[in-house]
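Q: Have a look at this one before I ask anything.
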Amino acid sequence: MAEGAPKAQTINGPALPTENRISNELITVRSDSGAAGNVNWSETPNFNIKHVLDGNYSTFWQSGAYWKDQSFTFDFAEPQSMNYMIYVSRQGDLSYTTGMRDYSATTYRKTADGKYEKIATINANITAKVTKDGTGYLVLELPESNDISRVRVNVGQWECAKAVTLSEAAFYHLDNTPAEIADLFSNGTFTELKYSKEETLEKVETLRSRVENTNAFYLNKDMMLRELNDAKTLTEGGKLATQTGFQSRSTVADSAYGQTASVLQPLGVVASSGSDVVICADIPAGETVTIVPTQYYADYNAWKGKGIQLQSGRNVISAEQIASVSTEKGGALYLTYSGSHADEISLRIITNNNTSVKTPMLELSDWYELSESARKEKISAYVTEVNAYVQANSNRLGQTSIRNHTDIATPSFLLSIPVKEAANGLTTESLYNAILAWEDVSYVVNTTQAL
């Protein structure tokens, strides 16, 4: 008969990024965290709240009930600059990681009187990061700030998934690399270089080496590598296309003249709810330009989301979920602007052809400033674009698919219609005559105030 104490179980977990990691010595997990009162003691009989910062994957917290508080609150000995954390679920069974659906994270700053003041909250879906050895962890984006003294995080699971757990939490200093990449460019759309060709190439290679460092993690690594490639393209004489030609539109001004045109200006982009879209922008100083997300195939009273204000430079915007629809969540993005410097606004919208897609768009708000030949030239290009788009996406244009979308903007109308149906029998002449008729009818209606 063998005697002696049993060996402690060793569980292997993921190797976490080490670059810019904040020492656990500077972090305290609060004993009054909601999760501390919601423990599955049969699974974790020796649980201690400090286990989630002990660097040991064999110790973990497991929720006792999904309907109770599952949040953890972490305090920092000194204010930190952060924009993400890593949340390592119970190891040994990957479904504890992949079964997590969404999360909420709130950041706080510490005031002079020792109280905690809320900075911001982010609610988002989760994508688990599975490592090559079959372990995994969750990367949770935090509201970016340079004075974070407290973080409260709450993770939720998919229906019928395994319980929410936490083995280790890791926090990271905000890295300056994205700002250094932005500094390569001399304008907000990232289409002109600040430095000489030789200096730019040297900086690009230094930054690329840093971004590809296996000991580091970046929230928007693909975006950063693309921007480095853009800088290299510019050194080789390449050009990057931008969108211009926006107008100043105001419902107040339209109402005063009895007009009905929409303040929404189409961008020719659709995005899935929760996905990120990168917009590089040149915005005149002091001007307000907003991006408005919409829901495709939505209810009449729940189709438009809150406006997201753009800043000059790089903007990473997240398309919010507008309504609890059973169809695909997401839709077209629009721009609004009511100032006096519309001709100075320039955008470069980067899509990934997966969660964000460029769709055909016909912008004819300058209809009355164009000759008949110029109008038909624009329409002809649009017809060609529509036919090519429908052919390329023939199996992805279902009735409720967000890709099945196109916009036609005129001085009096904004038509948002299914592109697959619009393509049927579409010709330059037929569309020209239709727009001509719409504008004539609109003029008569608005002149006689019959609306």
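Q: Could you list, in sequence order, all residues of the range 402-434 that are of a type in the set (S, T, N, Q) and within 21 Å of residue 264 (Cα to Cα)?
A: Answer for the range 402-434, where residues must be of a type in the set (S, T, N, Q) and within 21 Å of residue 264 (Cα to Cα): 404, 406, 410, 412, 416.
Q: Still on this structure, please answer the following. Would you say residue 419 is closer than 30 Å to residue 230 by Cα, in the same structural domain as residue 274 (by TED's automatic domain parsing) and buried (at least 20 other Cβ atoms within 10 Å of the Cβ)?
A: no
Q: Please count how many residues of the range 123-155 are over 25 Å from residue 36 (Cα atoms) and either in contact with a strand residue (DSSP E or B) (Cβ under 9 Å, 6 or more places away or on another chain) or of a type in the set (Ser, Thr, Tyr) (or both).
A: Here the count works out to 9.
Q: Could you look through the range 123-133, keep only residues that are over 17 Å from residue 152 (Cα atoms) and among the aliphatic types (A, V, I, L, M), and pick out the one that is farthest from the chain's Cα centre (by Cα)?
A: If we take residues in the range 123-133 being over 17 Å from residue 152 (Cα atoms) and among the aliphatic types (A, V, I, L, M), then 130 is farthest from the chain's Cα centre (by Cα).
Q: Right, another one. Report whether or not residue 190 is over 26 Å from residue 103 (Cα atoms) and among the aromatic types (Phe, Trp, Tyr).
A: In short, yes.
Q: Additional query: Within the range 295-391, considering only strands (runs of 3 or more DSSP E) that don't extend past its boundaries, which have at least 2 residues that are among the aliphatic types (A, V, I, L, M)?
A: Hits in the range 295-391: 313-318, 330-336, 346-350, 361-363.
Q: Out of 196, 167, which single residue is small (Gly, Ala, Ser), modelled with pLDDT of 95 or more and over 26 Å from residue 242 (Cα atoms)?
A: Values: 196 fails: over 26 Å from residue 242 (Cα atoms).
Only one candidate passes the filter, namely 167.
Q: Answer yes if at least one residue in the range 337-345 is at pLDDT 95 or above, under 21 Å from residue 415 (Cβ atoms) and outside the structural domain of residue 222 (by TED's automatic domain parsing), and no otherwise.
A: yes
Q: All but one of (1) over 25 Å from residue 278 (Cβ atoms); (2) surrounded by 19 or more Cβ atoms within 10 Å (Cβ to Cβ); (3) at pLDDT below 95 hold for residue 126; which doesn't?
A: Every listed condition holds for residue 126 apart from (1).
Q: Could you check residue 379 against (1) among the β-branched types (Val, Ile, Thr); (2) modelled with pLDDT of 95 or more; (3) under 30 Å from residue 273 (Cα atoms) and say which number it fails?
A: Only one criterion is unmet by residue 379, namely (3).
Q: Kindly provide the set of residues from the range 268-294 that are in a strand (DSSP E or B) and of a type in the set (A, V, I, L, M, F, W, C), ordered by number.
A: Selection gives 269, 270, 271, 277, 278, 279, 280, 281, 291, 292.
Q: A further question on this structure: Are any of the residues in the range 64-73 outside any loop (DSSP other than H, G, I, E, B) and under 18 Å from residue 15 (Cβ atoms)?
A: Restricting attention to the range 64-73, the residues satisfying the condition of being outside any loop (DSSP other than H, G, I, E, B) are 71-73.
In the following step, the residues that additionally are under 18 Å from residue 15 (Cβ atoms) were identified as none.
Taking every residue of the range 64-73 in turn, none turns out to be outside any loop (DSSP other than H, G, I, E, B) and under 18 Å from residue 15 (Cβ atoms).
Q: Please pick out the residue among 435, 402 that is assigned to a helix (DSSP H, G or I) and in contact (Cβ under 8 Å) with a residue 60 or more places away in the chain.
A: Within the list 435, 402, the selection yields 435.
Q: Still on this structure, I have one more. Looking at 393, 404 in this structure, which one is out of contact with any Asp or Glu (no Cβ under 9 Å at 6 or more places or on another chain), in the same structural domain as residue 264 (by TED's automatic domain parsing), under 23 Å from residue 298 (Cβ atoms) and not basic (Lys, Arg)?
A: Answer to the check: 393.
Q: From the list 324, 275, which residue is surrounded by 17 or more Cβ atoms within 10 Å (Cβ to Cβ) and at pLDDT below 90?
A: Numbers: 324 fails: surrounded by 17 or more Cβ atoms within 10 Å (Cβ to Cβ).
Of the residues listed, the single one that is surrounded by 17 or more Cβ atoms within 10 Å (Cβ to Cβ) and at pLDDT below 90 is 275.
Q: Oh, and also: I'm told residue 190 meets every condition in (1) at pLDDT below 95; (2) aromatic (Phe, Trp, Tyr); (3) within 30 Å of residue 358 (Cα to Cα) except one. Can you identify the failing condition by its number?
A: Against the list (1) at pLDDT below 95; (2) aromatic (Phe, Trp, Tyr); (3) within 30 Å of residue 358 (Cα to Cα), residue 190 comes up short only on (1).
Q: Between residues in the range 26-46 that are part of a loop (DSSP other than H, G, I, E, B) and residues that are among the hydroxyl-bearing types (Ser, Thr, Tyr), which pairs lie under 6 Å by C-beta distance while being six or more apart or on different chains?
A: Final answer for the pair search is 30/73; 33/73; 38/63.
Q: So, one more: At pLDDT 95 or above and touching a Phe, Trp or Tyr at 6+ places or on another chain (Cβ under 6 Å): is that true of residue 184 in this structure?
A: Criteria not met by residue 184.
Q: Under the condition of being closer than 21 Å to residue 170 by Cβ and free of Cβ contacts under 8 Å to residues at least 24 places away in the same chain, which residue from the range 66-122 is farthest from the chain's Cα centre (by Cα)?
A: The selected residue is 121.
The values are calculated or read from the model by the stated rules, or taken from the named source; none is laboratory data. Quick caveat: nothing in here was measured; it's all calculated off a predicted structure. Note: ideal-geometry Cβ built from the backbone for every residue, glycine included; neighbour counts use all protein chains shown.
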